[in-house]
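The values are calculated or read from the model by the stated rules, or taken from the named source; none is laboratory data. Computed from a predicted model, the values in this text were never measured in an experiment. FYI the Cβ positions are ideal-geometry reconstructions off the backbone, even for glycines, and counts take in every protein chain you see.
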Amino acid sequence: MTHRLREPGSEIDFGHLPDLIGYQLRLAQIAIFRDFALTLGELDITPGLFGVLTIIEANPGLKQTELAKATHLDRSTVVSVIDNLERRVLVERRAAASDRRSNSLHLTAEGKTLLKKLKKLVAEHEQRIKGNLSEAEQATLIRLMRKILPEHR
């Protein structure tokens, strides 16, 4: 198969990439992460950190191993994330009541205050992201994406 050299300035042919689910999901992720960064950029919070703070708030006393499982991260990555949040005085480790050898995680007062602010900003971000979708389309999109997850196959 012979390919002609592309003329400078001509449109790029993406081949069959636009037909691939993974490619479309990646483009959507890039758009979502860009908007997230623009919305929360000054606060130095990534989508992953927002997720961790939200999970800890909803589950005070959660163990690091449970957080690793919930976030689909390996244990060493979670330790690094918690170290970062602890340095920022957003999360604190406490000896777990049930097992003194493990740590339970709690938001600090600063963490709770920041998360309250983050939730408002993320709600605005979410409105922009789903702005072109009807409620039925939003529900369908979430349902279909969940079907892609390994635990649903």
(message) LEU144 - would you say it is under 30 Å from ALA28 (Cα atoms), free of Cβ contacts under 8 Å to residues at least 24 places away in the same chain and in contact with a helix residue (DSSP H, G or I) (Cβ under 7 Å, 6 or more places away or on another chain)?
(response) no
(message) For the range 52-84, give me each residue that is of a type outside the set (A, V, I, L, M), surrounded by fewer than 16 Cβ atoms within 10 Å (Cβ to Cβ), over 14 Å from the mean Cα position of the chain (by Cα) and assigned to a helix (DSSP H, G or I).
(response) THR65, LYS69, ARG75, SER76, THR77, SER80, ASP83, ASN84
(request) Please give the number of the condition GLU92 fails out of (1) part of a helix (DSSP H, G or I); (2) of a type outside the set (Gly, Ala, Ser); (3) more than 20 Å from LEU25 (Cα to Cα). (result) (1)
(request) Could you check how many residues of the range 59-93 are among the basic types (Lys, Arg) and more than 25 Å from LEU43 (Cβ to Cβ)? (result) 3
(request) May I ask you to list the residues in the range 79-95 that are more than 17 Å from LEU114 (Cα to Cα) and in contact with an Asp or Glu (Cβ under 8 Å, 6 or more places away or on another chain)? (result) ARG93
(request) Taking LEU49 as the residue in question, decide whether it is touching a residue at least 40 places away in the same chain (Cβ under 8 Å) and in a helix (DSSP H, G or I). (result) no
(request) Report whether or not GLU42 is exposed (fewer than 11 other Cβ atoms within 10 Å of the Cβ), in a helix (DSSP H, G or I) and modelled with pLDDT under 90. (result) yes
(message) Among the residues of the range 1-39, what is the count of those that are outside any helix (DSSP H, G or I), surrounded by fewer than 12 Cβ atoms within 10 Å (Cβ to Cβ) and not acidic (Asp, Glu)?
(response) 13
(request) Examine the range 95-103 for a residue that is of a type outside the set (Asp, Glu), free of Cβ contacts under 8 Å to residues at least 60 places away in the same chain and under 28 Å from LEU25 (Cα atoms), and state whether such a residue exists. (result) no
(message) Condition first: touching a Ser or Thr at 6+ places or on another chain (Cβ under 8 Å), modelled with pLDDT under 95 and either under 16 Å from GLU57 (Cα atoms) or surrounded by fewer than 15 Cβ atoms within 10 Å (Cβ to Cβ) (or both). Can you find one or more residues in the range 104-119 that meet it?
(response) no
(request) Quick one: ALA70 ticks every box in (1) out of contact with any Asp or Glu (no Cβ under 7 Å at 6 or more places or on another chain); (2) at pLDDT 90 or above; (3) over 16 Å from GLY48 (Cβ atoms) except a single one, so which number is it? (result) (3)
